[in-house]
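The values are calculated or read from the model by the stated rules, or taken from the named source; none is laboratory data. Only a predicted model underlies this, so the values are computations on that prediction, with no experimental measurement involved. We place every Cβ from the backbone using ideal geometry, glycine too, and count neighbours over all the protein chains shown. For the accessible areas, the whole protein counts, side chains as well, though only heavy atoms, and no ligand, DNA or RNA atoms are used. Shrake-Rupley method; radii C 1.70, N 1.55, O 1.52, S 1.80 Å.
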Amino acid sequence: MGVLLVSAEKIKSFSEINENVDEALLLSNIQIATDISLQTLLGTKFLRHIQNAAENSTLTSPETELLQNYIQPYLIQQAYYESLLGIYFRVMNKSVIVGNTVQGSAISTADLKYLRNLVFDRAQFYAQRLMDKLKDNQGDYPIYWSQSSNDGMKPSKENYFGGIHIEPGVRRLPPPGIKGYLDPSSDLANPNCC
């Protein structure tokens, strides 16, 4: 667990989270956003480097720009996304509750899902922006580009996932005896079929 790269105050200032939200709730979700999401984007070695350099005030000029203009905006949205469930639900000694206050009542779970999707989309935008910055300025971030699987998690170089993953490589025809689309004797190649 390293230094937090964004403060709870900054999240409150740059999101719709109200000033009265418990800082402990936000801090735990900043840590979750860092450990799960940011580490996936940056890789373990580069994330630890940025955390150590931020803590020891040894960030290079490009790293300072990356932290302030790319990493922090991403973490604000990702921590906001992670915090929404904890803001909506409260785990108490005897049950999990949804709060109502004098100022208003809790939103429905459908509204919460809608809100989380909006915030998630923002976080994905900032994630892609961060990845583009790293890709376009490879010489400024040699540690990011020199990571191996021995360094912990390797950085993800792709952000959006459409749900279908096709391995790169040569596509093979079906083995002999199994009819495919290219086999003229196949029922699949017959225009009168089906």
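Condition first: polar (S, T, N, Q), within 18 Å of Gly43 (Cβ to Cβ), touching a helix residue (DSSP H, G or I) at 6+ places or on another chain (Cβ under 9 Å) and open to solvent by less than 50 Å² (accessible area, probe 1.4 Å). Can you find one or more residues in segment 78-98 that meet it? Before the answer, list the steps.
Of the residues in segment 78-98, the ones polar (S, T, N, Q) are 78, 83, 93, 95.
Checking the rest, the ones that are also within 18 Å of Gly43 (Cβ to Cβ) come to 78.
From what's left, touching a helix residue (DSSP H, G or I) at 6+ places or on another chain (Cβ under 9 Å): 78.
Next, only the ones that are open to solvent by less than 50 Å² (accessible area, probe 1.4 Å) stay: 78.
Yes, some residue in segment 78-98 is polar (S, T, N, Q), within 18 Å of Gly43 (Cβ to Cβ), touching a helix residue (DSSP H, G or I) at 6+ places or on another chain (Cβ under 9 Å) and open to solvent by less than 50 Å² (accessible area, probe 1.4 Å).
Given the conditions (1) more than 22 Å from Ile30 (Cβ to Cβ); (2) in a helix (DSSP H, G or I), which single one is not true for Ala106?
With (1) more than 22 Å from Ile30 (Cβ to Cβ); (2) in a helix (DSSP H, G or I) applied to Ala106, the lone miss is (2).
Being under 10 Å from the mean Cα position of the chain (by Cα), open to solvent by 20 Å² or more (accessible area, probe 1.4 Å) and among the small types (Gly, Ala, Ser) is the filter here, so list the residues in segment 20-36 that pass it.
Result: no residue meets the conditions.
Considering each of Gly2, Gly43 in turn, give the residue that is of a type outside the set (A, V, I, L, M, F, W, C), surrounded by 14 or more Cβ atoms within 10 Å (Cβ to Cβ), modelled with pLDDT under 95 and over 17 Å from the mean Cα position of the chain (by Cα).
Details: Gly43 fails: over 17 Å from the mean Cα position of the chain (by Cα).
Unique residue meeting the criteria: Gly2.
Whether any residue in segment 47-70 is at pLDDT 95 or above, in contact with a Phe, Trp or Tyr (Cβ under 6 Å, 6 or more places away or on another chain) and surrounded by 18 or more Cβ atoms within 10 Å (Cβ to Cβ) is what I want to check.
Looking through segment 47-70, none of the residues is at pLDDT 95 or above, in contact with a Phe, Trp or Tyr (Cβ under 6 Å, 6 or more places away or on another chain) and surrounded by 18 or more Cβ atoms within 10 Å (Cβ to Cβ).
Can you spot a residue in segment 103-114 that is under 30 Å from Leu134 (Cα atoms), at pLDDT below 95 and acidic (Asp, Glu)?
Filtering segment 103-114 down to residues under 30 Å from Leu134 (Cα atoms) leaves none.
So far as segment 103-114 goes, no, none of its residues is under 30 Å from Leu134 (Cα atoms), at pLDDT below 95 and acidic (Asp, Glu).
Looking at Lys135, Lys113, Lys94, which one is free of Cβ contacts under 8 Å to residues at least 40 places away in the same chain and not in a helix (DSSP H, G or I)? Before the answer, list the steps.
Numbers: Lys135 fails: not in a helix (DSSP H, G or I); Lys113 fails: not in a helix (DSSP H, G or I).
Within the list Lys135, Lys113, Lys94, the selection yields Lys94.
Among the residues of segment 157-171, is there at least one that is open to solvent by less than 50 Å² (accessible area, probe 1.4 Å) and modelled with pLDDT of 85 or more?
For segment 157-171, residues open to solvent by less than 50 Å² (accessible area, probe 1.4 Å) and modelled with pLDDT of 85 or more: absent.
Cβ-Cβ distance below 6 Å, separation of 6 or more or different chains: which pairs start in segment 65-86 with a residue that is free of Cβ contacts under 8 Å to residues at least 40 places away in the same chain and end on one that is surrounded by fewer than 24 Cβ atoms within 10 Å (Cβ to Cβ) and in a helix (DSSP H, G or I)?
Leu84/Arg116
Give the residue, chosen from Arg122, Arg116, that is open to solvent by 70 Å² or more (accessible area, probe 1.4 Å) and closer than 21 Å to Val6 by Cα. Reasoning before the result, please.
Values: Arg116 fails: open to solvent by 70 Å² or more (accessible area, probe 1.4 Å).
After applying the criteria, what remains is Arg122.
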